[in-house]
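Bear in mind that the values in this text are calculations on the coordinates, not laboratory data. Because the structure is predicted, anything quoted here is derived from the model rather than measured. In this analysis, Cβ positions are derived from the backbone assuming ideal geometry, glycine residues included, and neighbour counts consider all displayed protein chains.
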């Protein structure tokens, strides 16, 4: 077996494979079907921090590289290259939406979110916003779909900004983007 055919299930090996396929835009991870090589001791915390072997990955460029080869199949997350697929742990969502831009207003408003790794998604039919509520506390957890089953948790300050833009529509309080209404909470459950 040649050295080129060896699969290295390590963060360094995955990074090297990812760099080899980097070009313009995101790699086509949805088209790749390499063998599963096991789980990697890599975790994405709820705040978007990436950890390898329990230590935060401090290099932004490396986190951005790993995020570009991230894929979700069912409920599991993987880093995927043309030659290997390794499982990783994601505490909540793999991305955090840290800001958004607003164009227009009312039903004509357009909201474009930016993640902590520099991805952008304009909320609309292809990038819906959803809000889960903790069953015990009722605390909202807002998300926006970034790409191919990968969501970003909308950070608290951005969620408060969304609430300020909120409107009532058909019994719900929510926000508009690209002509679509995204409900956050039933209007009758809002505090007076």
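Miscellaneous remarks
- Estimated FRET transfer efficiency when R0 is 22 angstrom, pair residue 89-residue 61 (beta carbons, to 0.05): 0.50
- Theoretical gain in end-to-end length, residue 120 to residue 141 [0.36 nm per residue, Cα-Cα removed]: 5.6 nm
- Calculated Rg and Dmax of segment 117-192 using C-alpha coordinates, Å: 12.5, 38
- For the chain, built as a Gaussian network whose Cα springs stay under 10 Å, the top-fluctuating residue of 47, 91, 75: 75
- Between helix 11-21 and the chain there is an angle of about 80 degrees, using the helix long axis and the longest principal axis of the Cα atoms.
- Seen against the Cα atoms of the chain and their longest principal axis, helix 156-165 is set at about 40 degrees.
- Cα→Cβ-extended label distance, 7 Å offset, between residue 46 and residue 101, nm: 3.1
- Interatomic Cα distance distribution for the chain, bins of 5 angstrom, percent: 1, 7, 15, 18, 17, 13, 10, 8, 6, 3, 1, 1, 0, 0
- Within the chain, percent of DSSP bridges classed antiparallel, to nearest 5: 85
- The chain: calculated mean residue ellipticity at 222 nm from DSSP helix runs of at least 4, using -39500 (n - 2.57): -4500 deg cm²/dmol
- Three-way shape label, segment 102-149, alpha-carbon gyration tensor, a/c 1.5: oblate
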